[in-house]
Amino acid sequence: MKKKRQFIRHPTDIPIELWCVVKSCGEYKKPLKNISLGGIAFKSTRNWQPGTIIGFRIPQVDPSFKTTGRVVWCHKKTTRFEIGVEILEPNDVFKIRMVEQVCQIEDYRKRLQQQGRKLSIEDAATEWISRYAAQFPLI
């Protein structure tokens, strides 16, 4: 039987800023790999140890999204690591879901643009909601 993920993940390419909260490890900027209902995953050249408490910010959404998380897994992938982080702030779980939707709508808009259809973010949001919102996981 295939094990289900604890959180549903959605791929994105938006930047993320990271820093250690508990011990000093400096600031670090990496592209966000994907985002989920209760956590994020990103690729890094750095091996982030499970249990590390980090802060992270997604500056491309307005207002920027900022919260804390705990590294829950770290997998070596050829020359990089893939890191999974759970969100620690319960009130931010809903906010991250909104960030997911914004990222999905922007990704949808970009895919349509590559196919020759140019939509405003508002039109893309309306179309995405009518086509995919019912499939989007509920909290």
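Of the numbered conditions (1) assigned by TED's automatic domain parsing to the domain that holds Ile40; (2) free of Cβ contacts under 8 Å to residues at least 40 places away in the same chain, Pro59 satisfies every one except a single condition; which is it?
With respect to (1) assigned by TED's automatic domain parsing to the domain that holds Ile40; (2) free of Cβ contacts under 8 Å to residues at least 40 places away in the same chain, Pro59 is out only on (2).
Looking only at residues that are at pLDDT 80 or above and polar (S, T, N, Q) in region 46-63, which one is surrounded by the most Cβ atoms within 10 Å (Cβ to Cβ)?
Only one residue fits best here, namely Thr52.
Identify, from the list Glu106, Glu100, Glu122, the residue that is outside the structural domain of Phe56 (by TED's automatic domain parsing) and exposed (fewer than 11 other Cβ atoms within 10 Å of the Cβ). It would help to see each step written out before you state the result.
On the way: Glu106 fails: exposed (fewer than 11 other Cβ atoms within 10 Å of the Cβ); Glu100 fails: exposed (fewer than 11 other Cβ atoms within 10 Å of the Cβ).
So the residue among Glu106, Glu100, Glu122 that is outside the structural domain of Phe56 (by TED's automatic domain parsing) and exposed (fewer than 11 other Cβ atoms within 10 Å of the Cβ) is Glu122.
Assigned by TED's automatic domain parsing to the domain that holds Ile40, closer than 25 Å to Val21 by Cβ, over 16 Å from the mean Cα position of the chain (by Cα) and surrounded by fewer than 16 Cβ atoms within 10 Å (Cβ to Cβ) - does that describe any residue in region 67-76?
yes
The values are calculated or read from the model by the stated rules, or taken from the named source; none is laboratory data. All values reported here derive from a predicted model rather than from experimental measurement. Reconstructed Cβ throughout: ideal geometry from the backbone, glycine too, with neighbour counts over all protein chains shown.
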